[in-house]
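Below is one structure, written out as structure tokens; comments come after it.
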Amino acid sequence: DAKTTQPPSMDCAEGRAANLPCNHSTISGNEYVYWYRQIHSQGPQYIIHGLKNNETNEMASLIITEDRKSSTLILPHATLRDTAVYYCIVEAGTASKLTFGTGTRLQVTL
Amino acid sequence: DVKVTQSSRYLVKRTGEKVFLECVQDMDHENMFWYRQDPGLGLRLIYFSYDVKMKEKGDIPEGYSVSREKKERFSLILESASTNQTSMYLCASSLNGVQPQHFGDGTRLSIL
């Protein structure tokens, strides 16, 4: 059973913030939220992960709601190169498989 | 930055051949993984390894084997390639615990 729900597609204008939502209402207390993206014909690229606090790195910010049932990945200034499929994954650790759902296809346009 | 290197981006082999896919990581990671990715099926785990000479079956190990003789290298072997093994193969590695898996660029394998 899928642990996460994401919209199948989103559009964003170049230079604007892209806000990608993810629902994970059955998340357990020891499970982290990981975000990856996959650009066509490349391997998945790790973006960010968090447990309950908001996180920021050079690529993006991750906002996790207080009840941890949903999160939002924010790309602050989207560029055409951010066009990709974005995956939200919930796992207790990374020593075993990651389960990738269908993700959100983000299209950044001029 | 973590670097996971897969030996080939594209590979074409014939049915019945023994095929080797190689993966090397440069960050002293404990765990290494092999997935395949097919349209409509997402990523599926074939095998993984949490230490040298250790291996664990994933969800679809049939027709595959693996080798991990050194910590940095994890090889996927197709014992007798078949057309249904045509796919994108992705290698990943991670430290123990909750640190993220990092992926290579993938090998697109075609079996004719």
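Karplus couplings for the range A:21-36 from phi (6.51 cos²θ - 1.76 cosθ + 1.60, θ = phi - 60°), rounded to Hz, Gly and Pro as x?
Ordered by residue, 3J(HN,Hα) equals x, 8, 9, 9, 5, 9, 4, 8, x, 9, 9, 9, 9, 10, 10, 10 Hz.
Given an 8 Å cut-off on Cα distances and at least 6 residues of separation, report the relative contact order of chain A as a percent.
The normalised contact order for chain A reaches 37 percent.
Cα to Cα, under 16 Å, and not fewer than 8 places away if on the same chain: which lysines meet these conditions relative to residue A:3?
Partners within reach: A:69, A:97.
Within the range A:1-108, report the GluC sites (Glu not before Pro) that DSSP leaves as loop and that have at most 16 other Cβ atoms within 10 Å.
A:14, A:58, A:66
Measure out, as a whole number of angstrom, how far apart the alpha-carbon centroids of the range A:78-110 and the range B:1-52 sit.
One Cα centre to the other: 19 Å.
Out of residues 5 or more away from residue B:99 or on other chains, whose amide H comes under 5 Å of its own, with H placed 1.01 Å from N in the peptide plane?
A:94
Specify the inter-centroid distance of the range B:69-112 and the range A:6-73, based on alpha-carbon positions, in whole Å.
So the separation of the two Cα centres works out to 25 Å.
List the residues, sorted by chain then number, that are 5 or more residues from residue A:105 or on another chain and whose placed amide H is less than 5 Å from its amide H.
Counting only residues 5 or more places away or on other chains, the set is A:9, A:10, A:86.
Determine the percent antiparallel among the DSSP beta bridges restricted to chain B, to the nearest 5.
90 percent
For residue B:13, give me every one of the aspartates and glutamates with a C-alpha distance below 16 angstrom, ignoring sequence neighbours fewer than eight places off in its own chain.
B:22, B:79
To the nearest 0.05, how large is the calculated FRET efficiency for residue A:39 and residue B:9 if R₀ is 22 Å and r is the Cβ-Cβ distance?
Calculated transfer efficiency: 0.95.
Taken together, the values in this text are just the output of simple stated rules run on the coordinates, not laboratory data. On a predicted model such as this, the values are computed, not experimentally measured, just so you know. Ideal geometry is used to build each Cβ from the backbone, glycine not excepted, and the neighbour counts take in all protein chains shown.
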